[in-house]
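Since the structure comes first, as structure tokens, the remarks are kept for the end.
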Amino acid sequence: MFLITSKFKHYAKDENGVRHPCAIPDENGILTLLRENLKQQTCLLVVANDPSDLVLNDLVADVLYKAFMMTGIKFNQVKILDYRSVKQAATLIQNADLIFMCGGEILRQLTFLQQIDFKTLIKNYAGVVISVSAATMCLTTTICNFPEHVKELNQPRIVKGLGIVDLKIIPHFDGTALTYQGTTELPNLVQDYLLPFSDNYHVCGLPNGSYISYDGTTYKYYGKHYDIYQRKVVLSGNDNVL
């Protein structure tokens, strides 16, 4: 099962920007659904966004592991899939009970997932996958590759994704206030980049805290989300309440 998220709250930053683990909230029932579908708590696998940043990957994995422990989900071990472990990718994925796909830069993560042939490796996986932000977008058929930072302005706007999820998703989207809930250097991101995607595509705007479950056949929405088409934004509610 995939739990497709915009943001997964599991840490807080102190005044110096250092991450500290915190208990994970059961927002829109995500922990309830995770516990129902988590068969064992033997191994947590963290799939890096930047496979070359080994120090950050170790930190992210440690904080996430401790956050799950604080929440009562006690994995025996945590593994990391980055450039250190690409040769073991197939084994790591098949042996994991929960795969956590980190957010970050979209094209960097897409390149890494393509390099390890993630779509093939995950095909017969029987555990749970949590995707966050950029990772969520990588799973889709068509990526609405909007820029968060000035350095990303020259990137292509429409990119072919892995095609695991047949949706077009914009994470961190508050369709009520028409604002972006992520971090960006572009003050008019919604009007200049996010809404124009809907000129040619039906897009799902996924706010922080909402998520989509996908079992290979059915999509179910938890929390509000927004249907966006031809720059019209329509609020949709829960399919399920846990």
### Message
Rg over Rh of the stretch 91-224, using C-alpha atoms and the Kirkwood radius, what does it come to?
### Response
0.96
### Probe 1.4 Å - accessible area at Arg231, Å² to nearest ten
120
#### Entry: Solvent-accessible heavy-atom area per residue, rounded to whole Å², over the chain at 1.4 Å
47
### Query
Of the heavy-atom accessible surface of the chain (probe 1.4 angstrom), what whole percent is carbon and sulfur?
49
### Query
Can you tell which of Thr136, Thr183, Thr91 shows the greatest fluctuation in a Gaussian network model of the chain with Cα springs below 10 Å?
Thr183
### Query
Helix 106-115 versus the longest principal axis of the chain: what is the Cα-based angle in degrees, 0 to 90, to the nearest 10?
50
### Task
Pairs of Cα atoms under 8 Å, at least six residues apart: use those to get the relative contact order of the stretch 105-225, whole percent.
21
### Task
Using the 2.2 N^0.38 Å rule of thumb for compact globular proteins, work out how the chain stacks up: its C-alpha Rg over that value, please.
0.96
### Query
Taking only Cα atoms, what is the 0 to 90° angle, nearest 10, from helix 54-71's long axis to the longest principal axis of the chain?
80
### Query
How far, in nm, would the chain grow between Ala126 and Lys220 when pulled straight, counting 0.36 nm per residue and subtracting the alpha carbon separation?
32.0 nm
## Note on the structure
By the mean-Cβ-within-10 Å protection proxy, highest first, 158-168, 201-211 rank as 201-211, 158-168
### Summary
Highest GNM mean-square fluctuation among Asn57, Asn49, Asn154, for the chain with Cα springs under 10 Å, belongs to Asn154
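Could you work out the relative contact order of the chain, using alpha carbon pairs under 8 angstrom and six or more residues apart, expressed as a whole percent? Please report the intermediate quantities before stating the final value.
Working: 512 pairs, mean separation 51.8, N = 242.
Normalised by residue count, the contact order of the chain is 21 percent.
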### Message
Given a 10 angstrom Cα cut-off, can you work out which residue in Met70, Met137, Met101 is the most mobile in a GNM of the chain?
### Response
Met70
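Can you list the GluC sites (Glu not before Pro) in the stretch 101-159 that are in a DSSP coil and have 13 or fewer other beta carbons within 10 angstrom? Walk me through the numbers on the way to the answer.
Details: sites: Glu105, Glu148, Glu152; in loops: Glu105, Glu148.
Here no GluC sites (Glu not before Pro) fit, given the DSSP loop and packing criteria.
The values are calculated or read from the model by the stated rules, or taken from the named source; none is laboratory data. This is a predicted model, so every value here is computed, not measured. Because the Cβ atoms are built from the backbone with ideal geometry, glycine has one as well, and the counts that use them run over all protein chains shown. Areas reflect the complete protein model, heavy atoms only, side chains present, ligands, DNA and RNA absent. Shrake-Rupley method; radii C 1.70, N 1.55, O 1.52, S 1.80 Å.
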